[in-house]
Amino acid sequence: MTQIHGTQLGSDDGSDDGAGGARAGGTATRPGSGAGPSGGGVSPALTVLYAGAEAPDPEELAAATGVPVVTSARQLSAVVSRHAAAVADGADPLVTVVPAGTGRDLTSVTQAAQALRWLVSHGQRACLAGSLANATYTVARLRHHLRQRPAGTDAVVFLARSVDPFADAELVRRVRLARQYSDDLEVELAFEGDGAWPVLDDILARLRTLGATSPVVVRADLGLTGEGEPLFRPRALQTAVATVAAETRHLAGHGDDGIDAGLLADHDQGFAHSHGDEDEVGGHTHPHSHGHSHSHGHGHSHGHSHGHSHGHSHPHGHSHAHPHDHDHGHDHDHSHAHDHSHNHDHDHSHDHAHPHVHDTTTGEN
């Protein structure tokens, strides 16, 4: 049996992919999740959470949201394939995959997209959402915890699972934004996991040295157990899952399954593609190919025009499908050696009827 967090699926080959830990009682369901039976077969509307480093407690996340949670491409493939075989004849077996994170762990988004691209190329039906919570919503929740701290608190430490140096640096930026106008409070950030820095014990020791006597620890990821108060309550997670899944299915119905965008999610994360020694004697550049097509169709119009021309020419022309609000007044200064030239004067008006800001009304105080 292939066990998925929050559900249990039979494997064709009888192997166990090591997911383990499925909660007793089998399938976790919620209205509209598609995880349970409906009429003569399984409901065609299935949502699955893909958990990476930002979701360190997949079992608890499945319990909190009521939808299956997978932690690997193999588990995801099993869910999509088994669901397609189980839905009623004539029903659309579309599976909506939502990366369980706050938009920092972009590598896991790309991994999910790679798995879905293979599945779709073999006749399966799937679409990929953006992250469960975006940066804007995450900063709002961080700020909420600073403002609603218990009386007598003289320091707040945000704690998150370390992803990589760049993703961790992004969290530093978010905490700085959340801390604005909280000058009367010591606010620190700590990480956990292999090679994490700084760690919680060191931060707490530093705060004691500074005279703090009543620090509070709050999660800055989707962790639900262990040290620290959760950043999101279960009701907020449920609302976010439902909202993001509905937006993603809407886009899929207009020809944008989100997979191409997901393949590029981590494209610009990390060190620049150049080594910085190209102007030196013996310096070198290396072209790199992506191995995937950059053609993301716009299933909707965006409300802005950008008349920028990039003086670089790459053979993989791409038009971006972003289901989120953005303002393109940017000059692309890529230093990677594609020798590419878009020369695109796009004057396309983006009219986002569905902003990808999951600042949902949860009723949380």
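Just a few scattered comments:
- Some residue of segment 75-93 being within 18 Å of residue 242 (Cα to Cα) and at pLDDT below 95: yes
- Residue within segment 178-200 that is part of a helix (DSSP H, G or I) and surrounded by fewer than 16 Cβ atoms within 10 Å (Cβ to Cβ) present: no
- All positions within segment 70-93 that are among the charged types (D, E, K, R) and out of contact with any strand residue (DSSP E or B) (no Cβ under 6 Å at 6 or more places or on another chain): 74, 89, 92
- Residue 226 fulfils the conditions (1) modelled with pLDDT of 95 or more; (2) surrounded by fewer than 21 Cβ atoms within 10 Å (Cβ to Cβ) except for a single criterion, (1).
- Taken together, 129, 160, 112, 100 contain a single residue that is in contact (Cβ under 8 Å) with a residue 60 or more places away in the chain, surrounded by 24 or more Cβ atoms within 10 Å (Cβ to Cβ) and out of contact with any Leu (no Cβ under 7 Å at 6 or more places or on another chain), which is 129.
- Check on residue 173, without any contact (Cβ under 8 Å) to a residue 12 or more places away in the chain and either surrounded by fewer than 24 Cβ atoms within 10 Å (Cβ to Cβ) or charged (D, E, K, R) (or both): yes
- Residue pairs whose Cβ atoms lie under 6 Å apart, separated by 6 or more positions or on different chains, with the first residue in segment 59-87 and within 18 Å of residue 237 (Cα to Cα) and the second part of a helix (DSSP H, G or I) and small (Gly, Ala, Ser), are 69/62.
- Filter result for residue 250 (over 28 Å from residue 144 (Cα atoms) and modelled with pLDDT under 95): no
- Tally, over segment 171-195, of residues that are touching a helix residue (DSSP H, G or I) at 6+ places or on another chain (Cβ under 8 Å) and closer than 19 Å to residue 56 by Cβ: 6
- Among residues of segment 192-204 that are within 14 Å of residue 161 (Cα to Cα), those with a Cβ under 9 angstrom from a residue that is modelled with pLDDT under 95, sequence gap 6+ or separate chain, pair up as 192/226; 192/227; 200/227.
- Residue match in segment 18-30 (condition: closer than 18 Å to residue 248 by Cβ and either at pLDDT below 50 or not aromatic (Phe, Trp, Tyr) (or both)): yes
The values are calculated or read from the model by the stated rules, or taken from the named source; none is laboratory data. Model, not experiment: these values are computed from the prediction. When we count neighbours, we look across all protein chains shown, and the Cβ atoms used for this are built from the backbone with ideal geometry, even at glycine.
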